Amino acid sequence: MTTTTDPHPTRRLILQGAASVALLGLGNLPFAPALAAANDKYPDEAFKLKNEADAIKALYGRTAEPSDKVKLDAPEIAENGGVVPISVTTTLDKVTSISFFVAENPNALAASYRIPDGTIPGVANRLKMAKTSNVTAIVEADGKLYSATKEVKVTVGGCGG
Amino acid sequence: MKARTALLLGSLSAALVAFALTSPRVVAADKVDSVADAKAFQNFFFQKFPDVKHEDFVNGPYSMNADMKRQWQEKEEFPPYEFALDAGKEMFSTPFKNGKTYADCFPNGGIGIRQNYPYFDDKEGKVVTLELALNRCREANGEAPYSYVKDEMASLTAYMAFTSRGKLMDIKIPDDPRALAAFENGKRYFYTRRGQLNFSCASCHVQSPGERIRAEILAPALGILNAMPIYRSEWSGMGTTSRRFITCNSQTRAVPLEPQADEYRDVEYFLSYVANGLPISGPGARP
Amino acid sequence: MKLSLALAMLLALSFAPAARAANEADYKAAYTAAEAASKEAAGMRNQWTVTVSALAAAKKAGDSGDFDRAIAAAKEAEALAKASIFQATSEKEAWKAMEIR
Amino acid sequence: MASSIRVRATSNGDITEVQTLIQHPMDTGLVKDAKGELIPAHYIQELKFECNGKDVFVANWGTAVSKDPYVKFSFKGAKKGDDLKISWTDNKGGSDTTTAKIA
């Protein structure tokens, strides 16, 4: 399986590189400009936080408001806490990031996805849940945060052991 | 009729205890009619769950609960047993040290034959299960046998089951009293209570399929082995039939027998025979 | 079935020695009785996991000299083994009651 | 051994649907093994999908993503036969990459 390279690989990469460097430069300013999507670096800080609100602030720098344009699909009762199929779709446009939070997990932030333009704003994944908890999906669209929450019951802890 | 026999049997065993005699062979073994048993077994489930399609019984708990079925279908889009399947396929084509492969041990090269296992081996006079046949094939070719409860065996049986997907379970009981005895012994094991919790397989899988035991929905006994081997989220790994029997025993606090013990081979024979006509759906994904 | 089970356990417990401190001889006697019952249960291929753990606990306590606890555990193991033997015996016929006919 | 990444990329019209299953323990670091010792955290942190030289999807994962992780998404702007490059890195510096043709 070879990787085909298109005619101007270097030019595009340089352009892209310059753009992301600029973003990174801005990224670590304390008040990242609203448009900066979750910065490219792995949001280590946000993943370490226990509490959901703190994790959202660390990741996006502001709070989200519920919106019915964000459709979160999760089971009533998880068949097993270790493999909970959760997905989100949205009709919002200019979506730049989607993240999932499980409030009662040791760390609230479970997964965060960067959605470049041209990618359909929707993700399906399988998460672990320590116990019954609210699952929240947050969509960052055009610089603003929209969320949807659903309670998922778990009786067999999903974290093994 | 059942209540009367239960009463009769209750008093019979009480009488037995009072005299504390070695129990005399009270009842001559009535003629075993496996065909009638299988029909009665299937009808019990068809009547108890009239709106479950017959072939859906092989999907275990997912035939009993819509919410669980949706989660299962989502998992099936890219199932977690995918890796075991690929590993099994690779192992199946990798020759042993002596150059032979599993295909040389099995009819039709081992492809599309899982629905005929377990079978009654008249030379040995015992039931031979797929897992046993695989290990015997390895030993016959100078290879060490695999553990019955670990991933290698699960990968092999996963691949063989996959090649039989959709084919109907087709277990034969030859006209041989030893085969009928093995079937009866399997049936006895299936209905015998064991362990400190005093459960038999039937206590859960006949009396209360569809109900919950903690988080899990109990699977109906009909077609319960058709999806073997299974990837269980709870084990976050593959499970062979042997592993499933052993863990069920310890959950009722009964000390498990050694894998592929006669009782396990016979109960697999019984459960597979009564599921004749239902499709093979292995390998399966389960909670 | 439940009543006779309790009876069997009571019977086993009533042999417990009187108030004087338990000594090694009593422990040895209780342990061998428990081990015999456990072997019989295993012989009938109907051993319980709790019997095995109670027997192990008895041995552990016995080895460390805590004979009171050792005897209690041995007694429990014996009672559990006897219960599993009773279960195996009665199930020889009782299983038919649950059979789908 | 085959790559740890299984991917199915199917395009119909302008939209390509991508499903990926990755073989990885995704240990949380909170689980004890049989001997009672904590199994150290070992989980994929970043999973990147590139097509025609452009990132089309980037996943940042924590310890709450299931073992043998699965993710599904769709994107526009690719057609049958294009290459989709998938690569992941985990917190122990482990990584794997593969390239699949869009069917």
Checklist entry - Looking at C:S53, is it farther than 28 Å from B:V206 by Cα, of a type in the set (S, T, N, Q) and part of a helix (DSSP H, G or I)? => result yes
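Mind listing whichever residues of the range D:1-49 are of a type in the set (D, E, K, R) and without any contact (Cβ under 8 Å) to a residue 60 or more places away in the chain?
In the first step, residues of the range D:1-49 are kept if they are of a type in the set (D, E, K, R); the result is D:6, D:8, D:14, D:17, D:27, D:32-33, D:35, D:37, D:46, D:48.
The answer is D:R6, D:E17, D:D27, D:K32, D:D33, D:K35, D:E37, D:E46, D:K48.
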Next on the checklist: For the range B:256-287, give me the residue count where each residue is assigned to a strand (DSSP E or B) and of a type outside the set (A, V, I, L, M).
Outcome noted: 3
Item to check | Selected residue (only one of A:A124, A:A137, A:A141 is surrounded by fewer than 23 Cβ atoms within 10 Å (Cβ to Cβ), more than 9 Å from chain D (Cβ to nearest Cβ) and not aromatic (F, W, Y)) | outcome: A:A141
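Could you check the range B:206-228 and list, in sequence order, the residues that are of a type outside the set (A, V, I, L, M) and within 21 Å of C:W95 (Cβ to Cβ)? Talk me through it step by step, then tell me what you get.
To start, the set of residues in the range B:206-228 that are of a type outside the set (A, V, I, L, M) comprises B:207-212, B:214, B:216, B:220, B:223, B:226.
Matches in the range B:206-228: B:Q207, B:S208, B:P209, B:P220.
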Item to check | B:R243, sole failed condition from (1) within 13 Å of the chain's Cα centre (by Cα); (2) closer than 26 Å to B:F49 by Cα | outcome: (2)
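So which of B:L21, B:L9 is modelled with pLDDT under 90 and outside any helix (DSSP H, G or I)?
From the options B:L21, B:L9, the qualifying one is B:L21.
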Item to check | Residue selected from the range A:88-113 under the condition within 18 Å of A:V152 (Cα to Cα) and among the aromatic types (F, W, Y), by the criterion surrounded by the fewest Cβ atoms within 10 Å (Cβ to Cβ) | outcome: A:F100
Checklist entry - Can B:L222 be described as modelled with pLDDT of 95 or more, within 13 Å of the chain's Cα centre (by Cα) and part of a loop (DSSP other than H, G, I, E, B)? => result yes
Next on the checklist: Condition first: among the basic types (K, R), closer than 23 Å to A:G122 by Cα and free of Cβ contacts under 8 Å to residues at least 24 places away in the same chain. Can you find one or more residues in the range D:56-69 that meet it?
Outcome noted: no
Checklist outcome for this item: Among the residues of the range B:92-127, the number that are outside any loop (DSSP other than H, G, I, E, B) and surrounded by 16 or more Cβ atoms within 10 Å (Cβ to Cβ) is 10
Checklist entry - Considering only residues of the range D:2-22 that are in contact with a Lys or Arg (Cβ under 8 Å, 6 or more places away or on another chain) and buried (at least 18 other Cβ atoms within 10 Å of the Cβ), which is farthest from A:P43 (Cα to Cα)? => result D:S11
Checklist entry - Pick from the range B:219-261 the residues that are in contact with a strand residue (DSSP E or B) (Cβ under 8 Å, 6 or more places away or on another chain), touching a residue at least 60 places away in the same chain (Cβ under 8 Å) and polar (S, T, N, Q): which of them is farthest from B:V128 (Cα to Cα)? => result B:S233
Checklist outcome for this item: In the range B:217-237, anything touching an Asp or Glu at 6+ places or on another chain (Cβ under 7 Å) and away from chain A (no Cβ under 14 Å) is listed as B:L225
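The values are calculated or read from the model by the stated rules, or taken from the named source; none is laboratory data. Just so it is clear, the structure is predicted and the values come from calculations on it, not from any experiment. Using ideal geometry, Cβ is built from the backbone for each residue, glycine included, and neighbour counts are taken over all protein chains shown.
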